[in-house]
Every structure is written in C-alpha cells, then in structure tokens.
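*Asks:* Below is one structure. I have some questions about it.
The values are calculated or read from the model by the stated rules, or taken from the named source; none is laboratory data. Predicted, not measured: the structure shown is a model, and the values here were computed from it. Positions of Cβ are backbone-derived with ideal geometry, glycine not excepted, and every protein chain shown enters the neighbour counts.
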Amino acid sequence: MKSVGGTPDYTRAQAAAPRHAFEAGEALAGLRLDQALARLLPAESRSRLTRLVEEGGVLVDGEPGRAARRLRGGERIEVTLTPRPEEVAFRPEAIDLDVKHEDDAVLVVAKPAGLVVHPGSGNWAGTMLNALLHRVPALKHLPRAGIVHRLDKETSGLLVVAKTEAAMQDLVRQLQARTVKRTYLAVARGVVAAAGTVDAPIGRHPTQRTRMAVVPGGKPAVTHYRPVKRFAAHTLLECDLETGRTHQIRVHLARIGHPLEGDPVYGGKGASRLERQALHAWKLAFVHPATGALVRFEAPPPADFEALLASLAKAPA
C-alpha cells in the first residue's frame, strides 16, 4: 500500500473504464465535438460528456479534445467512459480491516488513520464501507453497510458496525439515547490544569462551510475531558462524548484554547509533531443488540500516536 505524507493511502485503482472508438462520418462534419458526442453516445447525459472532455477522456486523432472544436469529418474519436463517482461508491474492495470482534449481529473495527469511513465527495472509493462489503457481502442490504457512527479520516480507533437490520436499529437507538460510551485519547496543545466539560452547540461555520464551529442554534454537544499526563507544552487527555457531532472533540478543545496537536483545521499555526490530528478512539462500550449484555472493547493507540507521546516525554520542561 502506498503512503502519502506518512499516512496510508487507501484509494484503490478501479477496473479499467470502457473505451469506445468512432470515426467521424460526413453526418458529423461541421458539428462541435460536444454535439457530435451527444449523437455518438445518446445514452450518456450532456453533463457527463462535457465532464469527460474536460478531464481529458476524449481524444480526437490522438489529442485531447475541446468541446467547441468543429469536426471536419474523418477524425478518429476515442472516448474513455470513466465511471461516475456514485457508480464506484458501494463496490466491495479488498482492504484489510483490524477486526477486534465479530459475531452474527455486530462487528467492531479498529480504524487506522487515513481510512475514510463512508464514501463521499472526493472519497468515492477506498473507504471502510468498501472494505466491509468485501468482508461481509450481505451488508449491501443495510443502509450505509451497517455503519452507525463515524470517525474523521485522520482519527484512528474503534467503531461498531451492525450486521443485521435489528442490530442496526438497536445501536442507533443507543446512540440517540447517549448510552454508547466512547472514550478518546487526545494530545492537546498547552498544559490543561484540570478536568472539565465543554457544553457548547456545534454547527457549520457561518463563513467557512467545510469547518464546524460553536454556533448559536447548533446541535447540542457535550465533551468531558480529564488530564492523563502533562508534558512541557502538551497534555494527554481522556475525552468522553455524550454526543457525536462532526469534529466535536476538535472543535471543543480548540474552543477552550487547547487544540489538538497536528490538527490542520482547528490547530492554529505552528509546526506539528504529528501528520494528523492526535486523536484516537480508545474505548467503546455498548449493550449488545442480540444478547443484552454490556460489552467493552479497547484498542491501543497506533504507532504514530505512541511515537508522539514518546517525543513529548523527552522534550525539555
């Protein structure tokens, strides 16, 4: 598996896209390339054909075509029909998963940093969902392949996945009732003096739509934190979530002036000791949907997180 910036790249090459070759007959002479393509490939939408041209998927006599090019007649037109993102989003992919527990109802996975949980804009393949469909093909019958909660791409740690509809409904109810217990390890910048709670609503940032923020009218969000170990200029925290809002711990710790080490969005300026945010979903507990028993799981921090802690321990006070 290749690596980008020290983080594994889980994107998988897709199957070869179908290619079509045509010779522009007299009937196409004088037409723009995009008009000719609409006649040659009537089953494809104009928007898709335009995208293919813009992305270099259409060659005219071996050269990248331009939508406005006028055909003389006799040119060789080659079209590579790269799949639409949504066409590859839910394909099984042979991506290794670190499975901590599996039975007929649930599957508990320790997600590595760098692995996207669910397909979406910019990440239509190479996700945990694709890996789950490969491991358990029957998950194709469940919404989101049984995924009931998520972690950010660069956050490592534990996730539970439902394998049946009944298990999925039960886990969703537990999440809504806030009875699923999730404990994270986080390395925050600065020395955190004491344990505390951040109770602040989270929603989309009013001007930067790719970010979250504490905003009036946002969804309720509660994070409890407590220092585990203090370093010269950092603190290792345990964080417990009552809610599971997008970027919750990252936003809340930044709010109190202790952003995560390595967080490129909420961490502020300055060089980082880690190439991702220092956040790991350490412990997970829930009531098993099939047995009714309380089950607990734990995943030790990955090597890069441990290396960060080691380097902080050696830093001069």
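*Asks:* Assigned to a helix (DSSP H, G or I), of a type in the set (Asp, Glu), in the same structural domain as Lys153 (by TED's automatic domain parsing) and at negative phi - does that describe any residue in segment 291-313?
*Replies:* yes
*Asks:* Within segment 172-182, can one find any residue that is within 26 Å of Val295 (Cα to Cα), touching a Lys or Arg at 6+ places or on another chain (Cβ under 8 Å) and not hydroxyl-bearing (Ser, Thr, Tyr)?
*Replies:* Checked against the condition, which is being within 26 Å of Val295 (Cα to Cα), touching a Lys or Arg at 6+ places or on another chain (Cβ under 8 Å) and not hydroxyl-bearing (Ser, Thr, Tyr), segment 172-182 yields at least one hit.
*Asks:* Going by the conditions given, is Gly267 touching a residue at least 60 places away in the same chain (Cβ under 8 Å) and over 30 Å from Lys163 (Cα atoms)? So that I can check it myself, show each step before the final result.
*Replies:* Working: touching a residue at least 60 places away in the same chain (Cβ under 8 Å): yes; over 30 Å from Lys163 (Cα atoms): yes.
Against the criterion (touching a residue at least 60 places away in the same chain (Cβ under 8 Å) and over 30 Å from Lys163 (Cα atoms)), Gly267 qualifies.
*Asks:* Look at segment 42-60 and say how many of its residues are over 14 Å from Arg84 (Cβ atoms) and crowded, with 16+ Cβ neighbours inside 10 Å.
*Replies:* Count: 4.
*Asks:* State yes or no: is Gly157 part of a loop (DSSP other than H, G, I, E, B) and out of contact with any Asp or Glu (no Cβ under 6 Å at 6 or more places or on another chain)?
*Replies:* Considered against the rule, which asks whether it is part of a loop (DSSP other than H, G, I, E, B) and out of contact with any Asp or Glu (no Cβ under 6 Å at 6 or more places or on another chain), Gly157 comes out as no.
*Asks:* Out of Ala194, Ala285, Ala177, report the one residue that is over 26 Å from His118 (Cα atoms), assigned by TED's automatic domain parsing to the domain that holds Glu306 and more than 22 Å from the chain's Cα centre (by Cα). Break it down stepwise before answering.
*Replies:* Values: Ala285 fails: over 26 Å from His118 (Cα atoms); Ala177 fails: over 26 Å from His118 (Cα atoms).
Being over 26 Å from His118 (Cα atoms), assigned by TED's automatic domain parsing to the domain that holds Glu306 and more than 22 Å from the chain's Cα centre (by Cα) holds for just one of Ala194, Ala285, Ala177, which is Ala194.
*Asks:* A further question follows. Select from segment 61-96 the residues that are modelled with pLDDT under 85 and surrounded by 15 or more Cβ atoms within 10 Å (Cβ to Cβ) and write down the one among them that is nearest to Ala21 (Cα to Cα).
*Replies:* Of everything passing the filter in segment 61-96, Thr82 is nearest to Ala21 (Cα to Cα).
*Asks:* Could you tell me which of the residues Pro206, Pro143 is under 18 Å from the mean Cα position of the chain (by Cα), in the same structural domain as Phe297 (by TED's automatic domain parsing) and loosely packed, with under 15 Cβ neighbours inside 10 Å? If you could, list the steps in order and put the result at the bottom.
*Replies:* On the way: Pro206 fails: under 18 Å from the mean Cα position of the chain (by Cα).
Exactly one residue qualifies, and that residue is Pro143.
*Asks:* For segment 258-275, does any single residue satisfy the condition of being crowded, with 16+ Cβ neighbours inside 10 Å, outside any loop (DSSP other than H, G, I, E, B), on the phi < 0 side of the Ramachandran plot and within 24 Å of the chain's Cα centre (by Cα)?
*Replies:* yes
*Asks:* So, in segment 154-166, of the ones that are surrounded by fewer than 19 Cβ atoms within 10 Å (Cβ to Cβ) and of a type outside the set (S, T, N, Q), which residue ends up nearest to Pro92 (Cα to Cα)?
*Replies:* Of everything passing the filter in segment 154-166, Glu165 is nearest to Pro92 (Cα to Cα).
*Asks:* A follow-up question, please. How many residues are touching a Leu at 6+ places or on another chain (Cβ under 9 Å) and charged (D, E, K, R) when one looks only at segment 273-315?
*Replies:* 5
*Asks:* Next up: Output the residues belonging to segment 214-241 that are in a loop (DSSP other than H, G, I, E, B) and surrounded by fewer than 16 Cβ atoms within 10 Å (Cβ to Cβ).
*Replies:* Of everything in segment 214-241, those that are in a loop (DSSP other than H, G, I, E, B) and surrounded by fewer than 16 Cβ atoms within 10 Å (Cβ to Cβ) turn out to be Val215, Pro216, Gly217, Pro220, Ala232, Ala233.
*Asks:* Mind checking which helices (runs of 4 or more DSSP H) fall wholly inside segment 21-115 and carry at least 1 residues that are farther than 30 Å from Thr164 by Cβ and in contact with a His (Cβ under 9 Å, 6 or more places away or on another chain)?
*Replies:* 33-40
*Asks:* Among the residues of segment 216-261, which ones are over 22 Å from Gln176 (Cβ atoms), without any contact (Cβ under 8 Å) to a residue 40 or more places away in the chain and among the aliphatic types (A, V, I, L, M)?
*Replies:* Ala254
*Asks:* Quick one: how many residues across segment 278-311 are within 22 Å of Ala232 (Cβ to Cβ) and in contact (Cβ under 8 Å) with a residue 60 or more places away in the chain?
*Replies:* 8
*Asks:* Turning to a different aspect of this structure: Could you identify the single residue in Arg189, Arg245, Arg211 that is surrounded by fewer than 16 Cβ atoms within 10 Å (Cβ to Cβ) and in the same structural domain as Ser272 (by TED's automatic domain parsing)?
*Replies:* Only one candidate qualifies: Arg211.
*Asks:* Something else now. Out of Thr183, Thr207, I need the residue that is without any contact (Cβ under 8 Å) to a residue 12 or more places away in the chain, out of contact with any Pro (no Cβ under 8 Å at 6 or more places or on another chain) and either under 26 Å from Leu308 (Cα atoms) or in a loop (DSSP other than H, G, I, E, B) (or both). Which one?
*Replies:* Within the list Thr183, Thr207, the selection yields Thr207.
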